[in-house]
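After the C-alpha cells below, expect a handful of questions from me.
The values are calculated or read from the model by the stated rules, or taken from the named source; none is laboratory data. Small disclaimer: the values here were computed from a predicted structure and weren't measured. Reconstructed Cβ throughout: ideal geometry from the backbone, glycine too, with neighbour counts over all protein chains shown.
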Amino acid sequence: MKRATRRDILKAGASAGLAAGLAGLPAISQASEKLKIGVVYVSPVSDIGWTKQHSLGVETIKTEFGENAEITVIDNIFRPQDAERVFRELAGSGNDLVFGTSFSHGTPMQKVAPRFPQTAFEHCSGIKHLKNLGTFEAKYFEGTYVAGVAAGHVSKSAKIGFIGGFPIPDIVGPANALLRGAQSVNPDITCNVIFLNSWFDPGKEKEAAKTLIAQGCDVICSMTDTATGVQVAGESGAWSIGYASDMAAFGNGKHLTAFTLNWAPVYVQAARDVAGGTWTSSERWLGLADEVVQISPYNADLSDEVVAAAETARRDIASGALHPFAGELRDQGGTVRVEAGQVLSVAGIRGIDWFVEGMIGKLG
Amino acid sequence: MDLFVSMFAATIIAATPLIFAALGELVVEKSGVLNLGIEGMMLAGAAFGVWAHFAGLPMIVALAAAILAGAAASLLFGVLALTFMTNQYAAGLALAIFGTGVSAFIGRGFGSTPVEAIKPMNLPWLSDIPIIGEMFFRYDPLVYFAFVMFGVVSWFLYRTKSGLALRAIGESPDSAHAIGFEVIRIRYLAVMFGGAMAGLGGAYLSLVYTPLWVENMTAGRGWIALALVVFSAWRPMRVILGAWLFGGMTILQLQGQAIGLSVPSEFLSALPYLATIAVLVLISRNRQAMTLDFPVSLGKPFRPKG
C-alpha cells in the first residue's frame, strides 16, 4: 500500500472540501481527473457464467470512458472477512465508484460505505441500501417465464426439470416462473426441482440432471454457474435452458435458449452519474424491459410458432401487459395465493418461499 | 428396476474419481506421510488434462499429462515435507491452495468449449445383455481401470516385498532405516504415486465425468477422498466401499428430491455425510479394527539418525 505523504493529505483535504461544497454528493473532485473505479468479483472471470457477465459490464465502461477511467479489478473474493479489507482498500485508495458483485459482499459493503461518504458504492444482489450504497438486482423470473413458454411447447412428457443452488427466493421465484410459462402453453405440465444445496458442484449437478431426466423430464433448466446441466441434457437428448451466459455450445443442438444477464446498462449508467456528479444511491430491480435480463438466440430447430409464442411473452412482460405471477395463482397445496386480476406484490416475489401448483419438490 | 439399474450405474461412476484419489492417498499415508493437498493435485490434473486435450493431443496423452501434472504437484510437496522436513500439514494445505490457483491459471480460456468426453465402451454381446449389461459392461475404460488400480494397490501393499517395506516405513521409519531401507526415497515415490492418482482422478472429472473445464471443478472431492482414507481405516477394500456408500447416498438424495419426497432438500443433501459418519461410528466401536492398519509414523517428519 502507498504511504500517505503530506501532499496526499493536502489533496484529500482539498477534495473533501470541494465535495462538501457540492452538497455532499459523492462526485469526483476534479473534472480533469480520471474516474477511478474498483470492482470486486466473487470468482475468477471464467469464460461463461455469473462473473463473466459482470466483466462484460465493466468492459462497456472501458469502451465508453477509454483513457478517462482507471479500473481496478479484484477477483475471487468470496468470504466476507476478505471482502471487507478489499472494499476498505479500494475506497481508501481513492476510487470514486466501487462495485460489489455478490450477495456475500453485502455486509462488508454496509460496514465500509459509511466510513467513505465520498465514494459511491454499488452492490449487485444487495438487499440493503445506504446513502452512498446503491443496490441492483435482476428479475430472473421474467427470463425463466419466457424460456418456460418455449419449454411448454417442446416438452412431450409434460414434465420439466429445474436445478437450483439453494432454496432461496432468487431461485424459487425463477423456478416457479419457469413452470408458469410452461403452464401458459399446457396447464398440465409439472416441474421437478432439485436443489444442490451448494453454489458450485459440477459433479452433483450432473447427477441431478441425470436424475431429472430419469424421472421423465425432457426439458432441463439449470440455474447454476456451470454448463453441466445443459451438457448432460444434450447428451441424453433432452432440451436445456441456459442461465447467465448463452450455453448453446454445450447443448448438443438441444439448447432451447438461455436467460442471460446483461449488466452493461447498470455499470455504464453508474459511471456516467458519478462522473457527472449526479449519482445518488438507489435500488434497482431490472428485467426484460431494461434489457438486463435477455433471451439468447432460440434454437434453430424450433418452429416459427414456438419462437413467436416465446417472443410474444417476452414483449408482453417487457411492456407490462403480462406478469409472470398474475392471479389466479395457487400454491403447491392448492391454496389461492393471488386472486384473479391481481399480481404478486414486489415484497411477495422478493421473499417467495412457496412453490406454485404443479411443482414437485419440497421447500424446507 | 430401471431406476435401480440407473442409480447403480450412476453410483459406480460418481465413485470413480474418489477411488483414484483415495487409493493414491492411501499409499502415501501407508508410507507415513500425510499429504493434505489432494484437492490441489486433482485440480492440476483436471486442468492439464483439458489443456492437453485442447492442444489437440489424443485422449491417452491428455490422461498422461494429467497424471504427470498431479505427480509434479506432489513433488513440490515432497521437496518441502521430505527434503526440508517442513510441517506436513502446512505443506499439504499450501499445495491444495497452490493447485487451485495454478489450475485456474492453466484453464483460462478453456471454459467456453465443451470437451469431447471419453465415451463408454460398447462391448460386443456383453453390453447388450439386459440389466447386467447396463450394470457392469457399459462404462468408460477408466471405471475399469479404477478396479485394476485397486487390485494393483492391494497386491503391492500386501503381496510384495516393496509393499512390506513401504508399510514398515509407515510404522517405524527408524527401524526401516536401520535395516537399510532408503526411507526418504521410498516416501518420495509414494508421494508421487499419490499425486499421479489424484491427477488421474481430476482428469476423470474434466475429461469424462463432467467433460468441461470450470475453476475449482473438483468442488471438495479431494477432501472427501482424504476423509475416505480415514473412513477405510487404511484398507483398500474399504476405500472402495466408502466411495460407493458416499456416491450412492448422493444419488439417492437427488432421486429423493426429484420425486418430491416430503423432506426438506437441506436434510436430504446432508444424508451422504450423515450416513458416512454413522458407518464410521459403527466401525469405530471396534477399537482394534480402527487402529490395526493405522500407520504409526503418519505425519511425522523423518530425520535419519547416524
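Hey, any hits in region B:112-127 for a residue that's more than 30 Å from residue B:299 (Cα to Cα), at pLDDT below 85, in a helix (DSSP H, G or I) and away from every other protein chain (no Cβ under 14 Å)?
Taking every residue of region B:112-127 in turn, at least one turns out to be more than 30 Å from residue B:299 (Cα to Cα), at pLDDT below 85, in a helix (DSSP H, G or I) and away from every other protein chain (no Cβ under 14 Å).
The conditions are (1) among the hydrophobic types (A, V, I, L, M, F, W, C); (2) away from chain A (no Cβ under 14 Å); (3) closer than 18 Å to residue B:102 by Cα, and residue B:28 fails exactly one of them. Which is it?
(3)
Can you tell me how many residues in region A:194-210 are over 19 Å from residue A:173 (Cα atoms) and at the interface with another protein chain (Cβ under 7 Å from one of its Cβ atoms)? Can you show your working first?
We begin by selecting, within region A:194-210, every residue over 19 Å from residue A:173 (Cα atoms); these are A:200-210.
Next cut, at the interface with another protein chain (Cβ under 7 Å from one of its Cβ atoms) only: A:200-204, A:206-208, A:210.
Counting residues in region A:194-210 that are over 19 Å from residue A:173 (Cα atoms) and at the interface with another protein chain (Cβ under 7 Å from one of its Cβ atoms) gives 9.
Given the structure, is residue B:32 touching a Leu at 6+ places or on another chain (Cβ under 7 Å) and on the phi > 0 side of the Ramachandran plot?
yes
Now for a separate question. Please specify each residue of region A:327-348 satisfying the condition of being within 18 Å of residue A:191 (Cβ to Cβ) and either touching a residue at least 12 places away in the same chain (Cβ under 8 Å) or crowded, with 16+ Cβ neighbours inside 10 Å (or both).
A:329, A:330, A:331, A:332, A:334, A:337, A:344
The rows are residues; the columns are (1) among the β-branched types (Val, Ile, Thr); (2) surrounded by fewer than 24 Cβ atoms within 10 Å (Cβ to Cβ); (3) farther than 28 Å from residue A:77 by Cβ.
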{"position": "B:42", "(1), (2), (3)": "no, no, no"}
{"position": "B:46", "(1), (2), (3)": "no, no, no"}
{"position": "B:57", "(1), (2), (3)": "no, yes, yes"}
{"position": "B:78", "(1), (2), (3)": "no, no, yes"}
{"position": "B:110", "(1), (2), (3)": "no, yes, no"}
{"position": "B:113", "(1), (2), (3)": "yes, yes, no"}
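Mind checking which residues of region A:211-224 are surrounded by 24 or more Cβ atoms within 10 Å (Cβ to Cβ) and within 9 Å of another protein chain (Cβ to nearest Cβ)?
Residues satisfying the conditions are A:211, A:212, A:217.
Let's see how each residue does on (1) at pLDDT below 95; (2) closer than 29 Å to residue A:97 by Cβ; (3) out of contact with any strand residue (DSSP E or B) (no Cβ under 9 Å at 6 or more places or on another chain):
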{"position": "A:229", "(1), (2), (3)": "yes, no, no"}
{"position": "A:234", "(1), (2), (3)": "yes, no, no"}
{"position": "A:239", "(1), (2), (3)": "no, no, no"}
{"position": "A:253", "(1), (2), (3)": "yes, no, yes"}
{"position": "A:281", "(1), (2), (3)": "yes, yes, no"}
{"position": "A:284", "(1), (2), (3)": "yes, yes, no"}
{"position": "A:293", "(1), (2), (3)": "no, yes, no"}
{"position": "A:308", "(1), (2), (3)": "no, no, yes"}
{"position": "A:315", "(1), (2), (3)": "no, no, yes"}
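Does residue A:119 fit the bill of being farther than 25 Å from residue A:307 by Cα, over 18 Å from the mean Cα position of the chain (by Cα) and away from every other protein chain (no Cβ under 14 Å)?
yes
Under the condition of being in contact (Cβ under 8 Å) with a residue 60 or more places away in the chain and surrounded by 14 or more Cβ atoms within 10 Å (Cβ to Cβ), which residue from region A:69-93 is nearest to residue A:44 (Cα to Cα)?
Only one residue tops the list, namely A:89.
Another question, if that's okay. Assess whether residue A:347 counts as being small (Gly, Ala, Ser), under 23 Å from the mean Cα position of the chain (by Cα) and at pLDDT 95 or above.
Judged against the criteria, residue A:347 is not a match.
To continue, here is another question. With the requirement that a residue be in contact (Cβ under 8 Å) with a residue 24 or more places away in the chain, within 12 Å of chain B (Cβ to nearest Cβ) and small (Gly, Ala, Ser), what does region A:231-241 give you?
Across region A:231-241, the qualifying residue is only A:236.
Taking the stated definitions as given, is residue A:249 more than 30 Å from residue A:128 (Cβ to Cβ) and at pLDDT 95 or above?
Criteria not met by residue A:249.
This table checks each residue for (1) in contact (Cβ under 8 Å) with a residue 12 or more places away in the chain; (2) aromatic (Phe, Trp, Tyr).
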site	(1), (2)
A:248	yes, no
A:255	yes, no
A:275	yes, no
A:279	yes, yes
A:285	yes, yes
A:292	yes, no
A:315	no, no
A:323	yes, no
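Starting from residues that are within 14 Å of another protein chain (Cβ to nearest Cβ) and β-branched (Val, Ile, Thr), keep the ones in region A:46-72 and report whichever is nearest to the chain's Cα centre (by Cα).
Restricting to residues being within 14 Å of another protein chain (Cβ to nearest Cβ) and β-branched (Val, Ile, Thr), the top hit is A:51.
Quickly run through region B:279-306 and pick out the residues that are surrounded by fewer than 11 Cβ atoms within 10 Å (Cβ to Cβ) and under 17 Å from residue B:228 (Cα atoms).
If the condition is that a residue be surrounded by fewer than 11 Cβ atoms within 10 Å (Cβ to Cβ) and under 17 Å from residue B:228 (Cα atoms), then B:281, B:282 are the ones that fit.
Same structure, new question: Can you work out which of the residues in region A:144-193 that are of a type in the set (S, T, N, Q) and more than 14 Å from chain B (Cβ to nearest Cβ) is farthest from residue A:49 (Cα to Cα)?
That would be A:186.
When you scan region A:193-208, how many residues do you find that are in contact with a Leu (Cβ under 7 Å, 6 or more places away or on another chain) and either free of Cβ contacts under 8 Å to residues at least 60 places away in the same chain or surrounded by fewer than 24 Cβ atoms within 10 Å (Cβ to Cβ) (or both)?
5
Shifting gears a bit: Quick check, is residue A:176 surrounded by fewer than 24 Cβ atoms within 10 Å (Cβ to Cβ) and closer than 24 Å to residue B:267 by Cα? Break it down into steps so the answer makes sense when it comes.
Working: surrounded by fewer than 24 Cβ atoms within 10 Å (Cβ to Cβ): no; closer than 24 Å to residue B:267 by Cα: yes.
No.
Moving on. Give the residues of region A:297-325 that are within 22 Å of the chain's Cα centre (by Cα) and not in a loop (DSSP other than H, G, I, E, B), sorted by residue number.
Going through region A:297-325, the residues within 22 Å of the chain's Cα centre (by Cα) turn out to be A:297-298, A:310-311, A:313-320, A:322-325.
Of everything in region A:297-325, those that are within 22 Å of the chain's Cα centre (by Cα) and not in a loop (DSSP other than H, G, I, E, B) turn out to be A:310, A:311, A:313, A:314, A:315, A:316, A:317, A:318, A:319.
This table checks each residue for (1) more than 14 Å from chain A (Cβ to nearest Cβ); (2) of a type in the set (Gly, Ala, Ser); (3) not in a loop (DSSP other than H, G, I, E, B).
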| position | (1), (2), (3) |
| --- | --- |
| B:108 | no, no, no |
| B:135 | yes, no, yes |
| B:146 | yes, yes, yes |
| B:150 | yes, no, yes |
| B:154 | yes, yes, yes |
| B:162 | yes, yes, yes |
